[in-house]
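Trainee: Could you have a look at this structure, given as structure tokens, before my questions?
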Amino acid sequence: MRVVFLGTSEFAVPILRLLVERRYAVAGVVTQPDRPKGRKRELTPPPVKTEAVRLGLPVLQPPRLKAEEALEDVFRLKPDLIVTAAYGQIVPKALLDAPPLGCLNVHASLLPKYRGGAPIQRAIMNGESVTGVTIMRMVERLDAGDIVSQVEVPIGEDDTAGTMTEKLARAGAELLGTTLPDWIAGRIRPVPQREEEATYAPNLTRADEIIRWERPARDLSCQVRGLHPSPGAYTLYNGDVLKVWACIPLDDVESAAEAEPGTVVRVGGEGVDVRCGRGVLRLTQLQPAGKRPMAAADFVRGGRMLLGTVLGA
């Protein structure tokens, strides 16, 4: 049986690795083109390409998968089954219909919740305590295919998008490992998603990164964790961008309750406390413009922030 794998990001790497370790014949790997990255804007391969090359697998990087030439390249691999995970492009219907065993997608949410391109980040930003991984049979509609298998994964109070991506990638690989034998043997009957329960997780925008101090401290803490390690949440300090990489919500703090949201109400060795719409957010790791991330206490020792400063102004 020949498998073609479509994936791009870190989330997809353990899933590709699982296919090889379980000795499925991976005929080829389709991933996104190399992109400029970093301050020097050097062309950088996506994580899946790096892993595929290490494993000695053929790699295709079509800019547009729906282009006729790209489709022909994939058809030539003669897949019996296509497996996708965080690929980043719409898979054309012609490709979905081609393999005898269909096209399975490993999605980082408990579908039908959080369909779309940022399910991990949105689940954390929304304060969810549990998410998971779903394997579904792909259809033309976004993440709307029948559910083949599913597993829950709890979200801890300290989890970020980075740590949850690692957890969900491992869970996705394990789930695929237990699902594929039954799928190939025809022992699984997929279950339709409950459309009335569907929610969406659109791709992140610049607006998602802005800390709006009128919101409750706990919501802002979820925002910071959901955007870590990329792209990060930020506020403005003296007109410059100040990234907030770590923080603690202090829901019960009532000091300086009359201060406007965004006001620094305490500075010290534990961090910088900022008044929110409800509660106080203790900033513990910051990154001033042009600097590396640092402990908030070090930022304060540098005399950069004074009591009464209003952030975001």
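Trainee: Report, ordered by chain and residue number, the lysines lying within cross-link reach of Lys40, taken as a straight Cα distance under 26 Å and ignoring same-chain residues fewer than 8 apart.
Mentor: In chain and number order, the partners are Lys49, Lys243, Lys291.
Trainee: Follow-up question, since we're still on this one. State, as an integer percentage, the relative contact order of segment 30-131 based on alpha-carbon contacts under 8 Å between residues 6 or more apart.
Mentor: For segment 30-131, the relative contact order is 19 percent.
Trainee: Let me make sure I get this right: for segment 1-71, a, b and c are the square roots of the gyration tensor eigenvalues over alpha carbons, sorted descending. Under 1.5 in a/c it's rounded, otherwise prolate if a/b > b/c, else oblate. Which is it?
Mentor: oblate
Trainee: Further question: How large is the accessible surface of Asp97 in square angstrom, using a 1.4 angstrom probe and rounding to the nearest 10?
Mentor: 100
Trainee: At a threshold of 8 angstrom on Cα-Cα distance, excluding pairs fewer than six apart, so keeping six or more, what relative contact order does segment 2-201 reach in percent?
Mentor: Relative CO of segment 2-201 lands at 21 percent.
Trainee: How big is the accessible area of Leu236 in square angstrom, nearest 10, if you roll a 1.4 angstrom probe over the protein chains?
Mentor: In the full protein context, Leu236 sits at about 60 Å².
Trainee: Can you match Cα extents along the principal axes in Å to one of these, (i) 66, 44, 31; (ii) 88, 51, 38; (iii) 85, 57, 35, based on a calculation from the structure here?
Mentor: Calculated Cα extents along the principal axes in Å: the matching label is (i).
Trainee: If you don't mind, there's one more thing I want to ask. Treat every Asp and Glu Cβ in the chain as -1 and every Lys and Arg Cβ as +1, leave all other atoms uncharged, and give the resulting dipole magnitude about the Cα centre to the nearest 20 debye.
Mentor: In debye, rounded to 20, the chain gives about 920.
Trainee: Of Gly28, Val13, Leu96, whose Cα points farthest to the positive end of the dipole of the chain (charges on the beta-carbon: +1 Lys, Arg; -1 Asp, Glu; origin at the Cα centre)?
Mentor: Positive-most Cα among the choices belongs to Gly28.
The values are calculated or read from the model by the stated rules, or taken from the named source; none is laboratory data. No experiment lies behind these values; they were computed from the predicted model shown. Here Cβ is always computed from backbone atoms with ideal geometry, including for glycine, and neighbour counts include all displayed protein chains. In case anyone asks, the SASA skips ligands and DNA or RNA and just uses the protein heavy atoms, side chains included. Shrake-Rupley method; radii C 1.70, N 1.55, O 1.52, S 1.80 Å.
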